[in-house]
Each structure stands twice: as C-alpha cells, then as structure tokens.
C-alpha cells in the first residue's frame, strides 16, 4: 500500500507521495510513486500512483511511450489539455486490465490501482484528477480542493479541518506533511522517504521537487511540533464535569 495526496489551491498544486511498495519483517521495497512530465514553458504534468506496482508501472509506461490513436501516438507530453490527459491515463488503465486482468484473477491478485493526475498545459487551466481502477475519474473543486489515494484514512482528518482553496502554497506544504506523518505513524505499509512537488499556477515549470528523508530538518520539526501541539491541546481540554458526579 502507499499514500499519495494532492492539493489544488489558488496558488497552484502541492503533491506528496511516499515510496514504500511492500512491508514486512524482511521485505521492504522503495519505489518512487511520483512521475513528472515537464516541458518548461509548455507543460507540467505529475502522475502519482497507488496499488499493484506492476500495473501502475505498466500504465505509466503506456502514457509515456504513447497510445496509438487515429492521429498517431498520444502521450502525456502531447495531450492538448489536462482533461484529455486524464482520459489517456484512464484508457491506459483499461488496456492493462484487458491484457493482464484475467491472468491476475487466475492467481488471486486484485487489479487494484489508483492515480492522482495534476498539472497545467500552456493556455489551459490547472487541474487535479483522481483516477480509479476502472479508468474513470473525478476532479478536485474549490469546495473539495484535495484528493487522496492509497492508505488515506489516517491523514484525512487534518485535511478536512484545515485545507481551503485559498490557503498559501507554503501552508499547503505544511498540512500535507502533517497528513503524511499521521499516516506514517499509524500504518507500516507507508514509509519514508517521501516525494514532494510544488507547482505555482501559470508558471509552467516545477517550482520545487524534493525528496524528504528521516534526516530532513524541516520534516523533523513538523513531526515533533505536531505531536507536541496535539499533546498540549489534549491537556488543555477540561475533564468531563459529569464524571465528578
């Protein structure tokens, strides 16, 4: 399992993913779940993946190498807009299912994949989508400006309480790190290092891409500070008066 999340804010995109693909006593693997297509001045598209690693890698390879259309090969580097990019990823998911789904079922392996797709193409709007294993998708909106895939339940409460479409990108980075830390603490199948990408709206270039490890000073500050703040808030809450009776 994994955990990926994305914020669609007025200032741009904040995307975060972990790198763990398998967890056990003697088998922990690390792969990047964040795949970025960047043509500076023309487009930035990020694809974050969760689920079966073989399937997600097959989908990523298809959209990077191209899917044959009547007009020729179409890739994430050539699609005219983000909606078409989401359609292309959905088509790739369905193609992989047609090719491998039956064999996977015969081995009792679930066809379990999901993706976050975010970015902007010159002359078009910035958009953020979540794609499911059937190839269909939904889009983030100002009312719900965040999307999650993978092991999302532990990191969702802070997003529900804090995230607003008009929050600053810097605050977006802070809240996604808190969300990820909550998941890291509660689920062994999500693990460091984590990959962060920040894209400023209309810039058409990656603003920040950083891999955060246990040694990262700011990540440690967020983890320790959030834990301390929670403990202090808990201690400040009054005890239930009805128990005195």
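Every number here is computed from the coordinates shown, using simple stated rules; none is lab data. No experiment lies behind these values; they were computed from the predicted model shown. Note that we place each Cβ from the backbone using ideal geometry, even for glycine, and neighbour counts take in every protein chain shown.
Quick one: helix 53-65 against the long Cα principal axis of the chain, what's the angle to the nearest 10°, folded into 0 to 90? Once rounded, the angle reads 50 degrees. Relative contact order, whole percent, for the chain stands at 27, derived from Cα pairs under 8 Å and 6 or more residues apart. For Rg/Rh (Cα atoms, Kirkwood Rh), the candidate list reads (i) 0.95; (ii) 1.02; (iii) 1.09; the entry that matches the value derived from this model is (ii). Taking the longest Cα principal axis of the chain as reference, the axis of helix 217-236 is set at about 40 degrees. As a rough footprinting exposure proxy, the listed residues 171, 181, 8, 160 were ranked by other beta carbons within 10 Å of their own, and the order from fewest upward is 160, 171, 181, 8. Computed from Cα atoms, the angle from the helix 82-106 axis to the main principal axis of the chain rounds to 90 degrees. Here the range 66-99 and the range 106-155 have alpha carbon centers that stand 16 Å from each other. Among 158, 39, 45, sorting on how many other beta-carbon atoms sit within 10 Å of each Cβ, with the fewest leading, yields 39, 158, 45. Straightening the chain between residue 232 and residue 160 buys 23.8 nm, computed as 0.36 nm per residue apart minus the Cα-Cα spacing. Helical content of the chain, expressed as a calculated mean residue ellipticity at 222 nm, amounts to -11500 deg cm²/dmol (DSSP H runs of 4 or more residues, -39,500 (n - 2.57) each, divided by residue number, nearest 500). For the pair residue 205 and residue 54, a Förster radius of 51 Å applied to the C-beta separation gives a FRET efficiency near 0.95, rounded to the nearest 0.05. Mark the label point 7 Å from the Cα of residue 122 along Cα→Cβ and return the residues of the range 204-234 whose backbone N is within less than 19 Å of it. Counting only backbone N, you get 204-207.
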